[in-house]
Amino acid sequence: MGDAFSLTKDLQGRLVLGRAGMEDVVDVRIRRAFPWSCPTRHISVRTKEGKELVMIDDVTALPDGLRTILLGEMASTTLIPLIQRVMKVDVRFGFQQWTVATDRGAAEFRVQEREDIRFMPDGRFTVKDADGNLYELGPLSSLDEHSRRAVEAVV
């Protein structure tokens, strides 16, 4: 990310990329190269056709306003709920029935196999339910005691 750029929203709510000496590009898309292992690094700004225009090495190194817009855009387009609290994990008949609170509301889902809960290098977990939906679970140390105990029993 050597060149300066800006991101704004137009009147229709589309993301606009501005770069010095170049025409603005309307309706750009934000894509994470490594959404699980490096969610704030290696972020690609692309045309709606998929052509990469800017590669951002590290979102945390951006100025506050630009970082806020970028993080907001990534949050609004990410469809992976973050599990904030685990109410219950009921283990019976060879599967797990999870009851959780996520950043997108309450959820209840079934996990078929222990292998559907994957540990990430930074301590987070991905949880895949029986329908193929993914959930993100923070490191065990970030969970409240009740949630941590429920999860420790199945990971």
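The values are calculated or read from the model by the stated rules, or taken from the named source; none is laboratory data. Every value quoted in this text rests on a predicted model; they were computed, and no experiment measured them. Cβ sites come from the backbone with ideal geometry, for glycine too, and all protein chains shown count toward neighbours.
Points to keep in mind about this one:
- Boolean, LYS88 is assigned by TED's automatic domain parsing to the domain that holds GLY132, among the basic types (Lys, Arg) and in contact with a strand residue (DSSP E or B) (Cβ under 9 Å, 6 or more places away or on another chain): yes
- Against the numbered list (1) closer than 23 Å to ASP129 by Cα; (2) assigned to a loop (DSSP other than H, G, I, E, B), ARG85 comes up short only at (2).
- In the set (1) farther than 15 Å from PHE5 by Cβ; (2) without any contact (Cβ under 8 Å) to a residue 24 or more places away in the chain; (3) exposed (fewer than 14 other Cβ atoms within 10 Å of the Cβ), the condition left unmet by GLY65 is number (1).
- Of all residues in the stretch 74-99, those that are at pLDDT 90 or above and within 28 Å of ILE43 (Cβ to Cβ) total 4.
- Cβ-Cβ distances below 7 Å connect the following pairs, each with a first residue in the stretch 9-36 that is in the same structural domain as LYS51 (by TED's automatic domain parsing), a second residue that is of a type in the set (Ser, Thr, Tyr) and modelled with pLDDT under 90, and a separation of six or more residues or different chains: ILE30/THR77.
- Just one of (1) assigned to a strand (DSSP E or B); (2) within 30 Å of ALA153 (Cβ to Cβ); (3) under 21 Å from the mean Cα position of the chain (by Cα) fails for MET55. It is (2).
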